[in-house]
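Everything below concerns the one structure shown next.
Where a number appears in this text, it was derived from the coordinates with a stated rule and is not lab data. Note that the structure is a prediction, hence the values are computed from the model and not measured. Because the Cβ atoms are built from the backbone with ideal geometry, glycine has one as well, and the counts that use them run over all protein chains shown.
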Amino acid sequence: MPDRHGRRWRDLAGRRRVLDLPPRADQRVGLVIDFRYHLVSIIAVFLALAMGLVLGSTVLNDIVLRSTTQTADDLSDRNEELRGDLRSLEDGERTTGQFVETMAPRLLADELKSKRVVVFAAPGADRSQVRQVSDGVDMAGGTVTGTVTLRNTYVDKRKVGVLGGLTDTLGKSTELDMPTDAVPAERAAYLLANATVTKDEEALGKTDDDATGTLTAFEEAKFLDLSGAPQKRASLAIVVGPAEKYAGNQASVGNDSTVALASYLDETGAGTVLTAPSDSAGRGGVVTALRDDQGAQESVSTVDNLDTPPGYVVTTLALALDGNGSTGQWGSGAGSDAVAPSPSAGSDS
């Protein structure tokens, strides 16, 4: 039952209950005022934040703009300095090139007098560098018998089976003692070396059916191209390495094939030089591959600066020295003995 104030009663169990009565009018007014106060406060906070962002972004934009402008000016000045350095290097290289052109005939005179030289261009070799090497031989009084330009198929892993079949056939048709445990690239190098170079003075400048048949078979199988008469055997050989390092499908087989070719040319003839651009003496380069092969390094000379103005001069001098039985590693890369051999190194022959 409710008490005299109408707010409590006892239930049948005798427990007291409290009635939930609606708030009085003065309480409702207080709630509305509190809500409006909080709303105004929140709006004021957001307005302050907005003003801060606007003012802050204006100041920051000015600072960032000044910083960016300064950075751009610094970069522009630095780029101009680098362009100046590049122009100086290019001028220096032109001057060096002109000096080499002037002095090369004097430096190379008679270094390869009466010598016969065959030039092999590895897959990817720069044609202009091949021509320079041939010009160096001419200046030195030698004769280029011909040029054998190996195609990319020669160092393509997908063509190993075809190359192996060709070398097996040629091995059976010639009187050569083919290395029995050699891989196709090594057998190919052996065959090409025997077809183009010799130590026998009486065989120089001469050819036979084996030499002609071998070179023709490789050409018809699209492993190489021929110019001149490389089958008329020479005593010395130059192998021009690739303009860029072998990569991808050619990475390992390219270097191995080139090193094998240079080694067999040196073994069959009287001397061989492997010459290539500067990066060939770096990691994965063909010159590095040969210099890391102790057996090849002891017999084959290398040059690692063919892409520089004096590169072909160094190559020619190295060949003259190697033809006299003195192997050297020339250039500026790892494993080199000196930048270049001294002129007249081969004039004793």
In what order do Met178, Met103 fall by count of nearby beta-carbon atoms within 10 Å, going from fewest to most? Met103, Met178
For the pair Thr180/Val339, report the inter-label distance in nm, with labels modelled 7 Å from Cα in the Cβ direction. 5.1 nm
Please arrange Ser332, Ser342 by how many other C-beta atoms lie within 10 Å of their C-beta, fewest to most. Ser342, Ser332
Could you list Lys115, Lys199, Lys159, Lys172 in order of exposure, starting from the residue whose Cβ has the fewest other Cβ atoms within 10 Å? Lys172, Lys199, Lys159, Lys115
Shape of region 102-212, Cα gyration tensor, a/c cut at 1.5: oblate
Hey, got a sec? Which trypsin sites (Lys or Arg not before Pro) in region 207-263 land in a DSSP loop and have at most 16 other Cβ atoms within 10 Å? Lys222
What residues from region 196-217 fall in the zone where the backbone N is under 18 Å from a label point 7 Å along the Cα-to-C-beta line of Lys172? 210, 213-214, 217
With each label point set 7 Å from Cα along the Cα-Cβ vector, what nm distance links Asp225 and Ser326? 3.8 nm
I'd like the distance separating the alpha-carbon centroids of region 237-309 and region 126-153, in whole Å. 15 Å
Using the beta-carbon distance between Asp208 and Glu298 and R0 = 41 Å, what value does 1/(1 + (r/R0)^6) give for FRET efficiency, to the nearest 0.05? 0.85
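Region 93-188: which GluC sites (Glu not before Pro) are DSSP loop and have at most 10 other beta-carbon atoms within 10 angstrom?
When the GluC sites (Glu not before Pro) of region 93-188 are filtered for loop state and at most 10 Cβ neighbours within 10 Å, Glu175 remain.
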I'd like the FRET efficiency for Thr143 and Ala251, computed as 1/(1 + (r/R0)^6) with the beta carbon distance as r and R0 of 30 Å, rounded to 0.05. 0.25
May I ask what percent, to the nearest 5, of DSSP beta bridges between residues of region 109-330 are antiparallel? 20 percent
How much length is gained if the chain between Asp73 and Thr216 is pulled fully straight, taking 0.36 nm per residue apart and subtracting their Cα-Cα distance, in nm to one decimal? 45.1 nm
Can you bin region 190-349 into rounded, prolate or oblate? Criterion: square roots of the alpha carbon gyration tensor eigenvalues sorted a ≥ b ≥ c, rounded for a/c under 1.5, prolate for a/b above b/c, oblate for the rest. oblate
